[in-house]
Amino acid sequence: MSWKSRGLRGSFFEELINHTNEHYRERSLALVQKIPTPITPIEIEKSSRHITLAYFDQKSTVDYLGIAQGVALCFDCKECAADTFALQNVHEHQIAYMKDFEAQGGIAFLLIYYVKREQIYYMRCSELCRFYERARQGGRKSVRFEELAPEYLHPVHQSLYINYLEFVNQDLAERDA
C-alpha cells in the first residue's frame, strides 16, 4: 500500500484533539498520545524535506492511546464533510483492534468531526460495531447524521479543546447501568 500526500487532511481537528490532550495532561486528568503511522518514505522533496510519496510499513491501529483516571482509552479521529459518515473510513482491522481493546477493559471510540455542522460526535465502539455489522449484512454502508445519539454531540464553535472525557464518563455510566 502506498501513500500520496493530499495535504493536511484533518489537521484542524487533529490540532484540537492534541490541544485537548495537552490540557488534560497539564491538569493530571489524562495522558493520551498520538500514535504515529509507521511509513517508509520513497520520495522526499529536497528543498522542503517533505515526504511526497511513501508506503505504510504496517496497518495502523488507532490515532490515539492513553489513560484517564485509570481507564485505558483508544480512539480514532475522522472528518466528515457530508451529513453521512462512510463506514469505509474505518478499516476492519481497526474495528477488530477496538473490540479487543474493550475486551481487555478499555474504552474504544471514534471522534467524528462533521465539518459543515461544526459538531463532533463521540461514537462508542458498540455503536460503531452495530453500524459496521449492518453494512456487512448488506445494509446501509454509511451512518446518517439523524441516526446519531444527540447526547454524544459536541459543538465546536470557538472551543479551544474538545472535552471528550465528558463523553467517556457518560459512556462508562451507561455501561454500569
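The values are calculated or read from the model by the stated rules, or taken from the named source; none is laboratory data. Quick caveat, the model's predicted, so the values are computed rather than measured. Positions of Cβ are backbone-derived with ideal geometry, glycine not excepted, and every protein chain shown enters the neighbour counts. These area figures cover heavy atoms from the full protein model, side chains too; ligands, DNA and RNA do not enter into them. Shrake-Rupley method; radii C 1.70, N 1.55, O 1.52, S 1.80 Å.
Below is a table of values for the structure above.
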| item | result |
| --- | --- |
| Positions within region 18-46 being open to solvent by less than 60 Å² (accessible area, probe 1.4 Å), at pLDDT 90 or above and of a type in the set (S, T, Y), in sequence order | T20, Y24 |
| Subset of region 135-155 [within 13 Å of V90 (Cβ to Cβ) and among the basic types (K, R)] | R136, K141 |
| Residues within region 103-123 that are surrounded by fewer than 22 Cβ atoms within 10 Å (Cβ to Cβ) and either of a type in the set (S, T, N, Q) or part of a strand (DSSP E or B) (or both), tallied | 4 |
| Any hit, region 138-153, residues being more than 20 Å from T61 (Cα to Cα), open to solvent by less than 10 Å² (accessible area, probe 1.4 Å) and assigned to a helix (DSSP H, G or I) | yes |
| Filter pass, E92 being acidic (D, E), open to solvent by 60 Å² or more (accessible area, probe 1.4 Å) and closer than 23 Å to S11 by Cα | no |
| Scan of region 154-177 for residues that are assigned to a loop (DSSP other than H, G, I, E, B) and touching a helix residue (DSSP H, G or I) at 6+ places or on another chain (Cβ under 8 Å), ordered by number | V156, S159, L160, Y161, I162, N163 |
